[in-house]
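Undergrad: Can you read through this structure? Questions will come right after.
The values are calculated or read from the model by the stated rules, or taken from the named source; none is laboratory data. The shown structure was predicted, so the numbers you read here are calculated from the model rather than taken from an experiment. Cβ: placed from backbone, ideal geometry, glycine included. Neighbour counts: every protein chain shown. The area values use the complete protein model at the heavy-atom level, side chains included, leaving out ligands, DNA and RNA. Shrake-Rupley method; radii C 1.70, N 1.55, O 1.52, S 1.80 Å.
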Amino acid sequence: MAGAAHCSLQAKRLLLDPKFEGYKLSLEPLACYQLGLDAAVAEVQLRDDQYTLDHMRAFGMYNYLHLDSWYQDNVYYVDQFGRVMNLSVTLDTALQKPREVFRLPADLTACDNRLCASMHFSSSTWVTLSDGTGRLYLIKSGKRGSSASEKWEIVFNEELGSPFIVAHSVSFVKSDAHSLAVLLLRVEKDELNTKGSGFHVTLEWVTIAERKEGDHRYEIIKRRVLQGKSVPHYAAVEPSGDGLMIVSHKPFTFMQSESDKLEENDDAKVSNEKKVVDPLYYWQQTEDDVTVTVHLPQDITKDDIKIQFSPDDICVTLKDQPPLMEGKLYSSVDHGSCTWIIKEDKSLEISLIKKNEGSRWPELIIGDTRGEFIMDPSQCSEIAESLMHLTSEVMNPNPEKENPPCNAQELEECDAFLEDGASLCRFDGDTLKVTHIINLGSNQYLFSVVVNPKEMPCFCLRHDVDALLWQPHSDQPENMWEHIATFNALGYVQASKQDKKFMTCAPDYSYAALCECLRRVFIYRQPTPLATVLYNRKEGRQVGQVAKQLVATLEANDPILGFQATSERLFVLTTKTLFLIKVNSGN
């Protein structure tokens, strides 16, 4: 990850509410509608050889309900007959039965090691679809959501190796040709991994483009594979198709082709040759001064050396050559007191007197890496002594002290994260290298959601007790991840829900919701102003707004397989039923 810019996520203070008082349980009834399905959802159970946590995350916790963000209140699922079924809602009280929009050509039951069928809506008229057997379909759908203009037509259909699920896809125009980039997720057996789980995770980034012959046929123009040791929480291609963003517990790297390896070996040889070169100068420092030593060529005399001192800069020139050392010093010097001499071993020694006594310089000339700092042994022991108070051989040497160290046993369950090492990486599509990296630390990943289908999906992270929603902007280097919404205390609240399966939020941020494996759905509304006067008894002040928590219990014994939210309603899919929960009334 050398060369990658280490970034951080900047929360907007105006979107945070330090005085949030918690959610009030509301007993207001939620309108809930249910539709019986003609055929059961095409659920695929994990096999005996799919026993790892990664298999469970990728396939066992798969969301079988697909929300079409390009059209309002439009959801899809695949049933056991291989039919892609659609429900488009305009009026809750006049619901139509889900209708068939497409049927997978292959017999799904014939493949023993298949995964669940998966799909992604690349644009308002394009869909990528996998049947779970390793075959990818690229479909031109027309305008979806109404039977009049919707006609799903296969324009690309190819076997791409072992079974996969479609993680993400985008549609874009590049070099005057319509293209689609698709991310395929696999968990594969790793024969070399004898100590770990025995599996690795791959993300294949496939680019498919329209042929230039003008016959409207599509072909694969690029296949690139990333490999990692954990299923990514989030993986999405940028709208332009130029880059890729991944949130994962363990890092992903591109697998190289043979030509890439040869090029890299050549680069490594060159860089190794460079590393052999001795430093241009050596420097030491005390609290008062800095001493620089430069080895001179044999033919250099005192008259050939020109040194210019200024309060913030230095310039060293030998004969009529370009400057040997030149640039801005790390800190100011007393330039009138700076001196230089030629020592007996034909080396040039420069003495710089610090203006700010006692300060330590991490570098001599800002940005110059050609020198080497030599630390005095007495300085090493001095630094070690100054850091001694931070370490101890005893766990808690002074328990009576006012501020004892943190005791892990006092932490609550919801404060413990399974994965503390997650990171967010942005990969460049041309160089295949990481350009930006954010160490997420304790900012636990919660869920992803599409707010604007023309942008990348947003991801939600826990920050302290809150849940913050971030919108990636691949075309804005200065504002690549924007904090767009906050769900107060949701980070803390969701941690107590041990049976939670899916989490999401409304595209207009009006509420967040989570569901358990069976029946129960929890809805957390944003704070809204009160119609009546309410007082906080403890503090004796008036409360201006309140955030409500609602609970819905579904009349179903089957496990929840899919969960999606729109601004007005929640869609919940079980094996044989599709539930609609009206959360907000339409405008």
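Undergrad: Obtain the nm distance between the two label points defined at residue 284 and residue 585 by a simple spin-label model: each point lies 7 Å from its Cα along the Cα-to-C-beta direction.
TA: 8.2 nm
Undergrad: Measure nothing fancy, just the Cα-based angle from helix 258-276's long axis to the longest principal axis of the chain, in degrees from 0 to 90, nearest 10.
TA: Here the helix axis deviates by roughly 20 degrees.
Undergrad: Running Debye on the stretch 281-369 with equal point scatterers at the Cα sites and no solvent, what base-10 log of I(q)/I(0) appears at q = 0.17 Å⁻¹?
TA: Debye output, listed in q order: -0.69.
Undergrad: With the calculation restricted to Cα positions, what are the radius of gyration and Dmax of the stretch 292-338 in angstrom?
TA: For the stretch 292-338, the Cα-based Rg and Dmax read 11.5, 33 Å.
Undergrad: Additional query: Using just the helices of the chain, give the 222 nm mean residue ellipticity in deg cm²/dmol: DSSP H runs with n ≥ 4 each add -39,500 (n - 2.57), and the total is spread over all residues, rounded to 500.
TA: -2000 deg cm²/dmol
Undergrad: What is the calculated FRET efficiency for residue 177 to residue 12, with r their C-beta to C-beta distance and R₀ = 51 Å, to the nearest 0.05?
TA: After rounding, the FRET efficiency stands at 0.85.
Undergrad: Modelled label-to-label distance, residue 31 and residue 334, 7 Å Cα→beta-carbon offset: nm?
TA: 8.3 nm
Undergrad: Could I ask something else about it? Which residues in the stretch 111-130 have a backbone N closer than 18 Å to a point placed 7 Å from the Cα of residue 567 along the Cα-to-Cβ line?
TA: Answer for the stretch 111-130: none.
Undergrad: When the C-alpha atoms of the stretch 421-484 are aligned to their principal axes, what extent does each axis show, in angstrom, from largest down?
TA: 38, 29, 19
Undergrad: Another question, then. Long-range amide H contacts for residue 501: which residues qualify at under 5 Å (H placed 1.01 Å from N, peptide plane, sequence gap of 5 or more or a different chain)?
TA: Under 5 Å from the amide H of residue 501 lie the amide H atoms of 515, 516, 517, each far enough along the sequence or on another chain.
Undergrad: What's the magnitude of the charge dipole for the chain around its Cα centre, counting Lys and Arg as +1 and Asp and Glu as -1 at the beta-carbon? Answer in Debye, nearest 20.
TA: Dipole about the Cα centre, nearest 20: 2720 debye.
Undergrad: Show me 288-298, 122-132 ranked by packing, highest mean number of other Cβ atoms within 10 Å first.
TA: Most protected by this proxy first, the peptides run 122-132, 288-298.
Undergrad: Which of the listed residues, 459, 182, 563, is farthest toward the dipole's positive end in the chain, when Lys, Arg count +1 and Asp, Glu count -1 at the beta-carbon?
TA: My answer, from the dipole projection, is 563.
Undergrad: Within the accessible area of the stretch 281-369, what % is carbon and sulfur when the probe is 1.4 Å and the other protein chains stay in place?
TA: In the stretch 281-369, the share of accessible area belonging to carbon and sulfur is 46 percent.
Undergrad: Which listed residue (423, 4, 577) has the Cα farthest towards the positive end of the charge dipole for the chain, taking +1 on Lys and Arg C-beta and -1 on Asp and Glu C-beta about the Cα centre?
TA: Comparing the listed Cα positions along the dipole, 577 ranks first.
Undergrad: While we're on this one: Extending each Cα 7 Å along its Cβ direction at residue 385 and residue 215, get the distance between those two points in nm, one decimal.
TA: Inter-label distance under the simple model: 8.2 nm.
Undergrad: Okay, next question. Taking 0.36 nm per intervening residue step and subtracting the Cα-Cα distance, what contour gain separates residue 153 from residue 500 on full extension?
TA: Stretched fully, the residue 153-residue 500 segment lengthens by 121.2 nm.
Undergrad: Using only Cα atoms, figure out Rg for the chain and give it as a multiple of 2.2 N^0.38 Å.
TA: In units of the globular-protein estimate, the chain measures up at 1.24.
Undergrad: Heavy-atom accessible area per residue, the chain, 1.4 Å probe: how many Å²?
TA: 54 Å²
Undergrad: Taking Cα atoms, how many degrees apart are the long axis of helix 377-386 and the longest axis of the chain, rounded to 10 and kept between 0 and 90?
TA: It works out to around 40 degrees.
Undergrad: With r defined as the distance between the Cβ atoms of residue 103 and residue 369 and R0 fixed at 45 Å, what FRET efficiency is calculated, to the nearest 0.05?
TA: Plugging the Cβ-Cβ distance into 1/(1 + (r/R0)^6) gives 0.10.
Undergrad: With +1 on each Lys and Arg Cβ and -1 on each Asp and Glu Cβ, and nothing else charged, work out how big the dipole of the stretch 281-369 is about its Cα centre, in Debye to the nearest 20.
TA: 40 debye
Undergrad: How much accessible area does residue 97 have with a 1.4 Å probe, in Å² rounded to the nearest 10?
TA: So the heavy atoms of residue 97 present about 110 Å² to solvent.
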